[in-house]
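Heads up: the structure comes next, in structure tokens.
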Amino acid sequence: MQTPKSHLQPPTYGNLITVLSIDGGGIRGIIPGTILKFLESELQKLDGEHARLADYFDVIAGTSTGGLVTAMLTAPDENNRPLFAAKDINNFYLEHSPKIFPQDRSYFPGLKKLMKAFSGPKYNGEYLHSIIREKLGSTRLHQTLTNVAIPAFDIKELQPTIFSTYEVKHTPGMNALLSDICISTSAAPTYLPTYHFQNKDHSGKVRDFNLTDGGVAANNPTLVAIGELTKQIMKGSTDFSTIRQMDYSRLLVISLGTGSAKYEGKYNAKDAAKWGALNWISHGGSTPIIDVYSQASADMVDFHLNIIFQTLDSEKNYIRIQDDDLNDGPLSSVDVATKQNLENLVKVGEKLLKKPVSRMNMQTGISEPTIDNETNEQALVRFAKLLSEEKKLRKIRSSQN
């Protein structure tokens, strides 16, 4: 099993363990796309125009649309370099989102949407599947240029399925095509159809997958990434030979959200107490059940990590960049792929860079600006320097060894 060589030496030669995580959120993947473009440009200022994000992170995790971005950043091209530079991600969304999520131009879109909720998913997924297969071709999980972790959820087994490059060597049946993995993690309930595929390992044994959106398991996959790292340490991987146990203070974590509406007042228990199944699927132009599980999943991960990093007095090693104040309309949707809304999402990402770094208040659960008023942009400049220094340190130590 030939694997492209990472440009980053393993953590055993360094001081840090580096993690990049990207949430799910449909077309709102444009928001982290904008953040990633800035981060990669800062790395290029330090290390040259050929620097790519995959050269700096021990693992990149992504759910749903974040899983697609993860694959774009880590799949190799014909020169064994990333298929997409970060600056190209938003161009992909701007070009293809209107075809993935074609907008209903009928006279009674609300009625049509209601009828569709009874008969099947909102979109057939055919264009999404074809463009993913076209871009990723025959690339398999083990070929990514750095380690990745992409969650999906198996509705037959009723348990999460984590596609992890770390596990491929132990479980060859998981070495699926990246295209199949991306289609699976993006299969959002009510929006896109679930996805079935089979994968054969080198001995000919066939594994069956019956998958839906990774957001069901982990809309914010940061803990998925950390879990995969921890397992390698526990198993005594040579990549972590100098690390005996997971030390969170060594982690350098960038977690990117895809934005969410300011939900306060959007739903209330008095009204929801009267809802049936249909109301939970479609209410006021939204899908409450998806809003609830995706928001809860993402926030619980952030809550957990904030506690850990604050306890270890290493808050500066963790950043969660998320906009929780999107208007309750097209901006907060996962599928309103009009030209204007897509361009507005780019602006949201650009404005988010200028906002202060926020951390969750452990008492209220609300994100608040940090006391030093560092902006997300300034924090990413700082993180870029740390990533560059870590990469150089590992190279020096590995050559000496």
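The values are calculated or read from the model by the stated rules, or taken from the named source; none is laboratory data. In this text, all values refer to a predicted model and were calculated from it rather than measured experimentally. Because the Cβ atoms are built from the backbone with ideal geometry, glycine has one as well, and the counts that use them run over all protein chains shown. In case anyone asks, the SASA skips ligands and DNA or RNA and just uses the protein heavy atoms, side chains included. Shrake-Rupley method; radii C 1.70, N 1.55, O 1.52, S 1.80 Å.
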*For Arg207, all conditions in the list (1) open to solvent by less than 30 Å² (accessible area, probe 1.4 Å); (2) closer than 20 Å to His170 by Cβ; (3) touching a Gly at 6+ places or on another chain (Cβ under 6 Å) hold save one; what is the number of the exception?*
(1)
*Is there any pair linking a residue in segment 333-350 that is assigned to a helix (DSSP H, G or I) to one that is at pLDDT 95 or above and open to solvent by 60 Å² or more (accessible area, probe 1.4 Å), with Cβ under 9 Å and at least six apart or on different chains, and which?*
Lys339/Leu94; Leu342/Leu94; Glu343/Leu94; Val346/Leu94; Gly349/Lys37
*Residue selected from segment 89-118 under the condition modelled with pLDDT under 60 and among the hydrophobic types (A, V, I, L, M, F, W, C), by the criterion surrounded by the fewest Cβ atoms within 10 Å (Cβ to Cβ)*: Phe118
*Regarding Leu256, is this residue touching a residue at least 24 places away in the same chain (Cβ under 8 Å), of a type in the set (A, V, I, L, M, F, W, C) and in contact with a strand residue (DSSP E or B) (Cβ under 7 Å, 6 or more places away or on another chain)?*
yes
*So, in segment 173-203, of the ones that are farther than 16 Å from Asn124 by Cα and open to solvent by 40 Å² or more (accessible area, probe 1.4 Å), which residue ends up nearest to the chain's Cα centre (by Cα)?*
Leu177
*asked:* What are the pairs with Cβ atoms under 9 angstrom where one residue, in segment 119-132, is in contact (Cβ under 8 Å) with a residue 12 or more places away in the chain and open to solvent by less than 70 Å² (accessible area, probe 1.4 Å) and the other, located anywhere, is assigned to a helix (DSSP H, G or I) and hydroxyl-bearing (Ser, Thr, Tyr)? Sequence gap at least six, or different chains.
replied: His129/Ser179; Ile132/Ser179
*Would you kindly identify the helices (runs of 4 or more DSSP H) lying entirely within segment 18-105 that contain at least 2 residues that are closer than 19 Å to Thr258 by Cα and aromatic (Phe, Trp, Tyr)?*
89-100
*asked:* Taking the conditions exactly as written (open to solvent by less than 50 Å² (accessible area, probe 1.4 Å), out of contact with any Gly (no Cβ under 8 Å at 6 or more places or on another chain) and over 27 Å from Val292 (Cβ atoms)), does Thr212 satisfy them or not?
replied: no
*Kindly check whether there is at least one residue in segment 373-380 that is out of contact with any Asp or Glu (no Cβ under 6 Å at 6 or more places or on another chain) and exposed (fewer than 13 other Cβ atoms within 10 Å of the Cβ).*
yes
*Which of the residues that make up segment 247-274 are under 22 Å from the mean Cα position of the chain (by Cα) and under 16 Å from Asp58 (Cα atoms)?*
Tyr248, Arg250, Leu251, Leu252, Val253, Ile254, Ser255
